[in-house]
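Here the structure is laid out as structure tokens; the discussion comes afterwards.
What follows is calculated from the coordinates using simple rules that are stated; it is not laboratory data. Predicted model only: the values in this text are computed from it and were never measured. Reconstructed Cβ throughout: ideal geometry from the backbone, glycine too, with neighbour counts over all protein chains shown.
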Ligand SMILES: N[C@@H](CCC(=O)N[C@@H](CS)C(=O)NCC(=O)O)C(=O)O
């Protein structure tokens, strides 16, 4: 890689929301990772999905890489990023387990909250501003149908609401107990798991109003303070990023 011409990284994500730079934990995770790793990037906003049908994805010098975790791996190799080099193999295994818990389990509780329990609030508060006016009346209903189908197929959507929130609370309790009074998830130094954990916590804290999950998270002081710490460290421009994002 030439020092003068670093690869051009374009991050494809949906439009900013008025409360959080991304309503998607995967998009917020990947952008936080880019910031943690000091990788310069440009953003292409929109709903254009990757070849796998998902967001986020990146283009690096024109090559498409999809799935946020494959994007992380690709960027680590390309930019020689070592956010986890201080972790031993046991710590890496623990970090991997929490990473998967948050993205493969807690994420579905978030989806359930948004698209089933608190759909009306989510739709009126946050969803509308993600779309140009012409799509606003149609897109939420289409998305809700799609996400309900995914929730049923994954299994979370088959549970009673109280069961879903019990699962979500258990995840957050485990994360909070593990974080304890550490500065970052794995100790004094930030690592990739912090991008994942911050994204999930921030999405719950800022974009799930009236949610039992948010209420529980708000009661775990160490997670709330952790989120604030991460936000101050990597998103000092948070307010500028979210202001004025309502599409006309
Ligand atoms: N494993 C994927 C998951 C990405 C994902 O599920 N993205 C959601 C947004 S939060 C999406 O694109 N959903 C569209 C759909 O499933 O139709 C990743 O890490 O990038």
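Below is a table of values for the structure above.
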{"quantity": "Rounded to 5, the percent of DSSP beta bridges in the chain classed as antiparallel", "calculated": "70"}
{"quantity": "Gaussian network model of the chain, Cα within-10 Å springs - most flexible of 28, 138, 151", "calculated": "138"}
{"quantity": "Beta bridges by DSSP in segment 9-83, antiparallel share as percent, to the nearest 5", "calculated": "65"}
{"quantity": "The chain shape via C-alpha gyration tensor axes, a/c threshold 1.5", "calculated": "oblate"}
{"quantity": "Potential extension, residue 215-residue 85 segment - 0.36 nm per residue separation minus Cα distance", "calculated": "43.3 nm"}
{"quantity": "Efficiency of FRET between residue 148 and residue 180 - r from beta-carbon atoms, R0 45 angstrom, step 0.05", "calculated": "0.75"}
{"quantity": "Spin-label pair residue 67/residue 104, simplified geometry with 7 Å Cα→Cβ offset, distance in nm", "calculated": "1.1"}
{"quantity": "Part-to-part distance (alpha-carbon centres) for segment 183-242 and segment 156-173, which is given in Å", "calculated": "20"}
{"quantity": "Theoretical gain in end-to-end length, residue 188 to residue 237 [0.36 nm per residue, Cα-Cα removed]", "calculated": "15.3 nm"}
{"quantity": "Of 178, 126, 26, the one that fluctuates the most in a GNM where the chain has Cα springs shorter than 10 Å", "calculated": "178"}
{"quantity": "Inter-label distance for residue 8 and residue 173, nm, one decimal - labels placed 7 Å from Cα along Cα-to-Cβ", "calculated": "5.1"}
{"quantity": "Most fluctuating residue given options 112, 226, 234, as computed from a GNM of the chain linking Cα atoms under 10 Å", "calculated": "234"}
{"quantity": "For segment 9-83: rounded, prolate or oblate by the Cα gyration tensor [a/c cutoff 1.5]", "calculated": "oblate"}
{"quantity": "222 nm mean residue ellipticity, helices alone, for the chain (DSSP H n ≥ 4; -39,500 (n - 2.57); rounded to 500)", "calculated": "-15500 deg cm²/dmol"}
{"quantity": "Segment 100-243 shape via C-alpha gyration tensor axes, a/c threshold 1.5", "calculated": "oblate"}
{"quantity": "Peptide ranges 30-36, 93-99 listed from the most packed, as the mean C-beta count within 10 angstrom indicates", "calculated": "30-36, 93-99"}
{"quantity": "Potential lengthening between residue 93 and residue 121 on full extension [0.36 nm per residue; Cα-Cα distance subtracted]", "calculated": "6.3 nm"}
